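The values are calculated or read from the model by the stated rules, or taken from the named source; none is laboratory data. Owing to the predicted nature of the structure, the values given are computational and were not obtained by experimental measurement. For neighbour counting, all protein chains shown are included, and Cβ atoms are generated from backbone atoms with ideal geometry for every residue, glycine included.
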Amino acid sequence: MNKFNVDICIITYQRAELLKRTLLSILEPNQLVLHNAGIIVVDNDIARSAKPIVESIKKNYPGLISYHTEKKKGYASARNKCIKVSKANTIVFIDDDEWVTKNWLDSLLKAQENYDAAIVIGPVLSSLPENTPKWIRQGNFFSRERHPTGHKIKHGGSGNALLNKNKIPHEALKFDLRYESSGGEDHELFSRLYNSGHMIVWADEAVVYEEILDEKIHPKWLIRRAFQVGKSVTQVHLTGKGIFEKIIWYAKKLALLLLSTLLTPLSFLQGYGHGFRMLSRAVSNAGGLSTIGSRWKYFSRPPKY
């Protein structure tokens, strides 16, 4: 018999204090008891740096948190460890730099029930540091698209995601190890599940907040992220596609690269944030184009687990 109906899964790596806030935000509103839910923490640090924090919190909330380690470093391996140890019918992923709102879990579960969805995605709102430059706020670099509750979407991220294991074949519920260090493993999983007929819906009331660390509000970090996102989106989209579809995709990326490059100087006239936003779009398109001609393993069919 399963101990919980819902397992909330958190992977973590050397961010013990942030993890503490995440755990307490879930535990203190008493959301877990109401929905017979528990928490799974998977520490991706072989030094087990998160264990002292988890053990100290467990004393006040006995039986609600289980702690595990994953020696193989990487997003996909750590998330797959969560799936492996979970015995509940529903799993919810949240990141260790986030904190949840009062009715977060209730809103995710209601959306799943009301729309009979396999996957539910909720909004992740960014909390910027006080010293954030004006151009960062102007460029909206950390804003994400939102939708009305029940809106069907084609993909999502694992920062605020519910998966109903009863609706997803066991062999399909695996994060792709080819995206182990690059990121994009969540985009790949949800896109793959959507393409195989699994419904993904949005739950706009299931809000979580994300801490934007100081290291992320710098041009170098934003440029690296833009390039990697463009790269991983292309890898996911072109997996298993034929040569004609690849040519069309790359032609669109080239056209967008040229357009965004031409618009970048004009955008800077509107403000540094607007200009850097357009520059980031150009870099993202360049990231997609960087995969041309590469014999990367990403473009093969997804591996069978």
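Sort out which residues of region 263-281 are assigned to a helix (DSSP H, G or I) and either on the phi > 0 side of the Ramachandran plot or loosely packed, with under 12 Cβ neighbours inside 10 Å (or both), and write them in order of number.
Within region 263-281, the subset assigned to a helix (DSSP H, G or I) is 263-269, 272-281.
Selection gives P265, L266, L269.
Would you mind listing the strands (runs of 3 or more DSSP E) fully within region 1-88 where at least 3 residues are closer than 26 Å to E188 by Cβ and touching a residue at least 40 places away in the same chain (Cβ under 8 Å)? It would help to see each step written out before you state the result.
Details: elements: 6-12, 37-43, 65-69.
Filter on region 1-88 gives 6-12.
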- Long-range neighbours under 6 Å by Cβ, at least six apart or interchain, first residue within 20 Å of H237 (Cα to Cα) within region 140-161, second of a type in the set (V, I, T): K152/V201; I153/I200; G156/I121
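Here is a check on your reading of the model: is N60 within 18 Å of the chain's Cα centre (by Cα) and in the same structural domain as L108 (by TED's automatic domain parsing)?
Working: within 18 Å of the chain's Cα centre (by Cα): no; in the same structural domain as L108 (by TED's automatic domain parsing): yes.
Criteria not met by N60.
Go through G230, G184, G156, G240 for me and flag whichever is outside the structural domain of A117 (by TED's automatic domain parsing) and either within 22 Å of P123 (Cα to Cα) or of a type in the set (A, V, I, L, M) (or both). Lay out the reasoning, then the answer.
Values: G184 fails: outside the structural domain of A117 (by TED's automatic domain parsing); G156 fails: outside the structural domain of A117 (by TED's automatic domain parsing); G240 fails: either within 22 Å of P123 (Cα to Cα) or of a type in the set (A, V, I, L, M) (or both).
Unique residue meeting the criteria: G230.
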- Is at least one residue of region 125-135 modelled with pLDDT of 95 or more, small (G, A, S), in the same structural domain as L18 (by TED's automatic domain parsing) and crowded, with 17+ Cβ neighbours inside 10 Å? no
- Query: Failed condition for S260, given (1) crowded, with 17+ Cβ neighbours inside 10 Å; (2) under 25 Å from the mean Cα position of the chain (by Cα); (3) without any contact (Cβ under 8 Å) to a residue 60 or more places away in the chain, with all others met?
  - Reply: (2)
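Output the number of residues of region 89-111 satisfying the condition of being part of a helix (DSSP H, G or I) and not charged (D, E, K, R). So that I can check it myself, show each step before the final result.
Within region 89-111, the first condition is being part of a helix (DSSP H, G or I), and the residues that meet it are 104-111.
When the remaining residues are screened for being not charged (D, E, K, R), the result is 104-105, 107-109, 111.
So the answer is 6.
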- Note on the structure: Inside region 66-90, the number of residues satisfying the requirement of being among the β-branched types (V, I, T) and buried (at least 21 other Cβ atoms within 10 Å of the Cβ) is 1
- Query: Assuming E210 fulfils every condition listed in (1) among the charged types (D, E, K, R); (2) assigned by TED's automatic domain parsing to the domain that holds Q31; (3) within 24 Å of L177 (Cβ to Cβ) apart from one, which condition is it?
  - Reply: (3)
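Could you please give the count of residues in region 195-227 that are closer than 27 Å to H151 by Cβ and either assigned to a helix (DSSP H, G or I) or free of Cβ contacts under 8 Å to residues at least 40 places away in the same chain (or both)?
Going through region 195-227, the residues closer than 27 Å to H151 by Cβ turn out to be 195-212, 225-226.
So of that shortlist, the ones also either assigned to a helix (DSSP H, G or I) or free of Cβ contacts under 8 Å to residues at least 40 places away in the same chain (or both) come out as 195-197, 225-226.
Going through region 195-227 one residue at a time, the tally reaches 5.
Determine whether S49 is under 14 Å from G159 (Cα atoms) and surrounded by fewer than 19 Cβ atoms within 10 Å (Cβ to Cβ). Reasoning before the result, please.
On the way: under 14 Å from G159 (Cα atoms): no; surrounded by fewer than 19 Cβ atoms within 10 Å (Cβ to Cβ): yes.
In short, no.
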